[in-house]
Amino acid sequence: MLEARLEQSSVLKKVVDAIKDLVQDCNFDCNDSGIQLQAMDNSHVALVAMHLKTEGFALYRCDRNIALGINLVSLQKVLRAAQNEDVMTLKAEDSPDALSLVFENSENDRISEYDLKLMDIDQEHLGIPETEYGATVKMPSAEFQRICRDLSLLSESVAIEATKEGIKFSCTGDIGKGAVTLRQNPNVEKPELGTTIELQEPVALTFSLKYLVNFCKASGLSNTVTISLSNEVPLLIEYEMEHGYVRFYLAPKIGD
Amino acid sequence: ATGQGNIMSFFQKK
């Protein structure tokens with residue numbers, strides 16, 4: 001059986017907020033390394049991979065591998081009943097038809113108990129190869145979100161170019177064009193506010209802004225985001241948590 | 001015009 005306790009409900013709430021617009025139904029795979037999820041969007045353009053590691057749980061017990069088939073819209077309805085600071089306990093049997101969720105406030109005088117019906121989801125898992133990326137950029141997640149939102153008002157797609165000068169996001173649309181260039185600028189006192197660029201080779205790729213704006217819904221998970229790019233391979237956008245991550249992969253646009 | 005790539009052409013099924 002599974003028994004997993006999070007000190008703060010906000011962790012799972014933020015994870016679900018981050019991915020619910022990309023995927024609807026997905027398996028939460030529970031095993032002795034924690035809770036993992038891998039799912040593609042309907043059009044097979046993007047893939048999300050999430051891992052909440054056991055170290056992030058106040059209590060974690062999972063004797064066997066258990067797949068929790070969850071509709072994320074339904075899960076979000078239940079999670080709405082949890083306050084951010086509530087302790088959350090997830091419980092499921094070995095072959096569960098429901099997931100039990102218990103939310104307790106810090107004063108220990110309120111206990112909320114919910115059951116979420118589970119589904120059978122036949123999900124394909126993709127092997128993600130180890131990749132040496134041509135460029136890896138670490139920057140404030142809020143800044144990346146702002147750039148994607150601003151450019152999405154002008155165009156459907158964005159060109160991302162990483163060179164030794166910096167990383168440039170540019171787009172062209174019906175009303176005009178726009179570009180934002182970030183130069184390497186490490187912040188010694190507050191590293192989370194700085195931008196660092198590791199460059200092996202120059203990279204230039206084009207991506208759909210609709211997806212990037214969607215990924216930015218994970219900004220609440222981390223102050224920083226890591227963007228990894230190589231020519232002609234999917235973009236990797238990673239939000240690292242204290243004990244886990246949410247990673248998004250996005251297939252580039254092709255041809256010209 | 002540009003087309004949208006498919007993630008499954010980069011990552012193989014396990």
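The values are calculated or read from the model by the stated rules, or taken from the named source; none is laboratory data. All figures in this text were calculated on a predicted structure; none of them were measured in a lab. FYI the Cβ positions are ideal-geometry reconstructions off the backbone, even for glycines, and counts take in every protein chain you see.
Based on this model, can you work out whether A:GLY134 counts as in contact with an Asp or Glu (Cβ under 8 Å, 6 or more places away or on another chain), at pLDDT 95 or above and of a type in the set (Gly, Ala, Ser)?
Values: in contact with an Asp or Glu (Cβ under 8 Å, 6 or more places away or on another chain): yes; at pLDDT 95 or above: yes; of a type in the set (Gly, Ala, Ser): yes.
Considered against the rule, which asks whether it is in contact with an Asp or Glu (Cβ under 8 Å, 6 or more places away or on another chain), at pLDDT 95 or above and of a type in the set (Gly, Ala, Ser), A:GLY134 comes out as yes.
Given the conditions (1) assigned to a strand (DSSP E or B); (2) touching a residue at least 40 places away in the same chain (Cβ under 8 Å); (3) more than 30 Å from A:SER208 (Cα to Cα), report the number of the one that A:SER100 does not fulfil.
A:SER100 satisfies all of (1) assigned to a strand (DSSP E or B); (2) touching a residue at least 40 places away in the same chain (Cβ under 8 Å); (3) more than 30 Å from A:SER208 (Cα to Cα) except (2).
Regarding the range A:232-247, can at least one residue be identified that is surrounded by fewer than 20 Cβ atoms within 10 Å (Cβ to Cβ) and over 24 Å from A:VAL48 (Cβ atoms)?
No - not one qualifying residue is present in the range A:232-247.
Taking the range A:224-256, which residues are of a type in the set (Phe, Trp, Tyr), closer than 23 Å to A:SER43 by Cβ and more than 14 Å from every other protein chain (Cβ to nearest Cβ)?
A:TYR239
Please work out if A:MET88 is crowded, with 17+ Cβ neighbours inside 10 Å and within 19 Å of the chain's Cα centre (by Cα). Spell out how you get there, then give the answer.
On the way: crowded, with 17+ Cβ neighbours inside 10 Å: yes; within 19 Å of the chain's Cα centre (by Cα): no.
No, not satisfied.
Taking A:ASN187 and the conditions (1) of a type outside the set (Phe, Trp, Tyr); (2) in contact with a Gly (Cβ under 7 Å, 6 or more places away or on another chain); (3) not in a loop (DSSP other than H, G, I, E, B), which numbered condition does it fall short on, given that it satisfies the others?
Against the list (1) of a type outside the set (Phe, Trp, Tyr); (2) in contact with a Gly (Cβ under 7 Å, 6 or more places away or on another chain); (3) not in a loop (DSSP other than H, G, I, E, B), A:ASN187 comes up short only on (3).
Outside any strand (DSSP E or B), among the aliphatic types (A, V, I, L, M) and within 20 Å of A:GLY220 (Cα to Cα): is that true of A:LEU12 in this structure?
Working: outside any strand (DSSP E or B): yes; among the aliphatic types (A, V, I, L, M): yes; within 20 Å of A:GLY220 (Cα to Cα): yes.
Against the criterion (outside any strand (DSSP E or B), among the aliphatic types (A, V, I, L, M) and within 20 Å of A:GLY220 (Cα to Cα)), A:LEU12 qualifies.
Could you go through the range A:206-223 and let me know if any residue there is within 14 Å of chain B (Cβ to nearest Cβ), closer than 25 Å to A:VAL15 by Cβ, assigned to a strand (DSSP E or B) and out of contact with any Phe, Trp or Tyr (no Cβ under 9 Å at 6 or more places or on another chain).
Yes; the residues of the range A:206-223 include at least one that is within 14 Å of chain B (Cβ to nearest Cβ), closer than 25 Å to A:VAL15 by Cβ, assigned to a strand (DSSP E or B) and out of contact with any Phe, Trp or Tyr (no Cβ under 9 Å at 6 or more places or on another chain).
Return the residue satisfying two criteria in turn: it lies in the range A:22-49 and is assigned to a loop (DSSP other than H, G, I, E, B) and more than 13 Å from chain B (Cβ to nearest Cβ), and of such residues it is surrounded by the fewest Cβ atoms within 10 Å (Cβ to Cβ). If you could, list the steps in order and put the result at the bottom.
At the first step, the residues of the range A:22-49 found to be assigned to a loop (DSSP other than H, G, I, E, B) are A:22-24, A:32-33, A:41-45.
Pick out the ones that are also more than 13 Å from chain B (Cβ to nearest Cβ) and you get A:24, A:32-33.
Details: A:GLN24: 15, A:ASP32: 11, A:SER33: 14.
Among those that are assigned to a loop (DSSP other than H, G, I, E, B) and more than 13 Å from chain B (Cβ to nearest Cβ), it is A:ASP32.
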